[in-house]
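To start, the structure under review is shown below, and the notes come after it.
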Amino acid sequence: MSDYISLQPGLERAVLRVLDNYRGRTNAIGRNELTALVKRLGYPTSERQVREAIKQLRRQGHLICSAPGDDGGYYIAEDMAEYQEFRRIEYAAKINDMMETLRAMDDAAKAAFGDSVQMRLW
């Protein structure tokens, strides 16, 4: 279960409004600047709330990507290649890493406690 962060009404729309000006990986905006621009639109918010708004917008199907590093930040994917790169780096690699960790922990739990209960992913 994930932590629930209360979002102000209209915050998602404000984040999307700002990000609409940052299309393509080369135009990414850092989280501090993104938060500052959202605040200028009249939403006193935190970086955490902005990240939660981005998560919710992604779940609504908005192609908000992000990239790590000094030249990284958030951006709207301009094409399938940008989206695929984001997907591969930010999600697929993390999911695979988590699955590897989960398998190792499942094996350790079975060794420690026996295999009397079938473990399920969900």
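Taking the range 58-73 on its own, how many of its residues are over 10 Å from the mean Cα position of the chain (by Cα) and within 17 Å of I29 (Cα to Cα)? Summing the residues that are over 10 Å from the mean Cα position of the chain (by Cα) and within 17 Å of I29 (Cα to Cα) in the range 58-73 gives 9. With respect to the conditions (1) in contact with a helix residue (DSSP H, G or I) (Cβ under 8 Å, 6 or more places away or on another chain); (2) modelled with pLDDT of 95 or more, L41 lacks only one, and its number is (2). Return a yes/no flag: does the range 87-102 have any residue that is part of a loop (DSSP other than H, G, I, E, B) and in contact (Cβ under 8 Å) with a residue 12 or more places away in the chain. No: the range 87-102 contains no residue that is part of a loop (DSSP other than H, G, I, E, B) and in contact (Cβ under 8 Å) with a residue 12 or more places away in the chain. Checked against (1) more than 18 Å from the chain's Cα centre (by Cα); (2) on the phi < 0 side of the Ramachandran plot; (3) not hydroxyl-bearing (S, T, Y), G114 passes all but condition (2). Out of all the residues in the range 87-99, is one or more under 13 Å from the mean Cα position of the chain (by Cα), at pLDDT 90 or above, hydrophobic (A, V, I, L, M, F, W, C) and exposed (fewer than 14 other Cβ atoms within 10 Å of the Cβ)? Within the range 87-99 (the criterion being under 13 Å from the mean Cα position of the chain (by Cα), at pLDDT 90 or above, hydrophobic (A, V, I, L, M, F, W, C) and exposed (fewer than 14 other Cβ atoms within 10 Å of the Cβ)), the answer is yes, since at least one residue qualifies.
The values are calculated or read from the model by the stated rules, or taken from the named source; none is laboratory data. Small disclaimer: the values here were computed from a predicted structure and weren't measured. Note that each Cβ is placed from the backbone with ideal geometry, even for glycine, and that neighbours are counted across all protein chains shown.
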